[in-house]
Amino acid sequence: MENVVIAGSGPAGLTAAIYTARSELNPLVLEGPVPGGQLIVSNEVENYPGFAAPVLGMELMERFHKQAEHFGACFKSQPVEEILGDNTVTGAALKNPVTVEKREIPCDGIFVAIGHDPKTQVFKALVETDEQDCIKVKAGSTRTLTPGVFACGDVCDPVYKQAVVAAGQGCMAAVDVGRYLAENEFGDRP
Ligand SMILES: Cc1cc2nc3c(=O)[nH]c(=O)nc-3n(C[C@H](O)[C@H](O)[C@H](O)COP(=O)(O)OP(=O)(O)OC[C@H]3O[C@@H](n4cnc5c(N)ncnc54)[C@H](O)[C@@H]3O)c2cc1C
């Protein structure tokens, strides 16, 4: 059983991975079809805080990835096909894009950080979306209406769509899931 599964490996998912791994929640990151997210196709990023000189989007995301790995996050490439559960999350369903083999990963908490062209259709059984297909979260939080499911980054942001905002929301989601696991006494499992 995983404590935390993170769907997506852009700035939101990888920041969530850094924070949850550093909090020893042993996150599993499902990178999906575009490891590193949208910024890997961006040439130079000139406005990410901490970089006075422009940084290549690919290099920036490699740094996020290394930092998450440094704290012990695990990575798999498969996309999440479905969030499992009824009123609360119980797992994630994955499909191997090559073999089409399906498998389920039981977990207590899941982050949806799948980016700006949200293919939220597959998550609709357990999350609510707005008219722009963005996942709805509670005001000032990353909690969705389903306990244990959190959303961060462009997938729930119809307004800003910037890397630093996505990273900030990834941090918020990590704090929110830590509190959720503690409230529900999930966190102490070995
Ligand atoms: C060309 C370009 C240039 C940009 N330049 C800048 C810039 O200079 N400064 C700036 O601040 N912002 C810039 N942005 C915006 C910035 O890239 C986004 O705001 C940011 O990447 C959003 O991060 P995210 O983590 O929410 O999503 P994304 O970066 O979109 O990451 C989404 C992740 O979800 C994964 N995924 C998708 N479906 C699934 C699934 N079913 N299961 C598991 N994983 C899945 C993908 O593989 C990917 O890893 C630019 C965007 C583009 C396209």
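Values in this text are rule-based calculations from the coordinates and carry no lab data. Everything numeric in this text was worked out from a predicted model, so none of it was measured. Cβ: placed from backbone, ideal geometry, glycine included. Neighbour counts: every protein chain shown.
Structure summary
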{"read-out": "About the Cα centre, charge dipole magnitude for segment 62-190 (Lys/Arg +1, Asp/Glu -1 at Cβ), debye", "value": "240"}
{"read-out": "J(HN,Hα) series, segment 67-73, from Karplus relation 6.51 cos²θ - 1.76 cosθ + 1.60, nearest Hz, glycine and proline x", "value": "5, 5, 4, 4, 8, x, 5"}
{"read-out": "Beta bridge orientation in segment 2-183: antiparallel %, DSSP, nearest 5", "value": "50"}
{"read-out": "In segment 117-152, trypsin sites (Lys or Arg not before Pro) in a DSSP loop with at most 13 other beta-carbon atoms within 10 Å", "value": "119, 124, 136, 138"}
{"read-out": "For 172, 61, 1, order by how many other beta-carbon atoms lie within 10 Å, fewest first", "value": "1, 172, 61"}
{"read-out": "In segment 91-190, the chymotrypsin sites (Phe, Trp or Tyr not before Pro) that fall in loop regions by DSSP, at most 16 other Cβ within 10 Å", "value": "160"}
{"read-out": "Separation between Cα centres of segment 22-72 and segment 106-130, rounded to whole Å", "value": "21"}
{"read-out": "Cut-off under 5 Å, modelled amide H: who pairs with residue 136 long-range", "value": "128, 129, 130"}
{"read-out": "Order of 128, 81, 183, 31 under a 10 Å beta carbon neighbour criterion, fewest first", "value": "183, 128, 81, 31"}
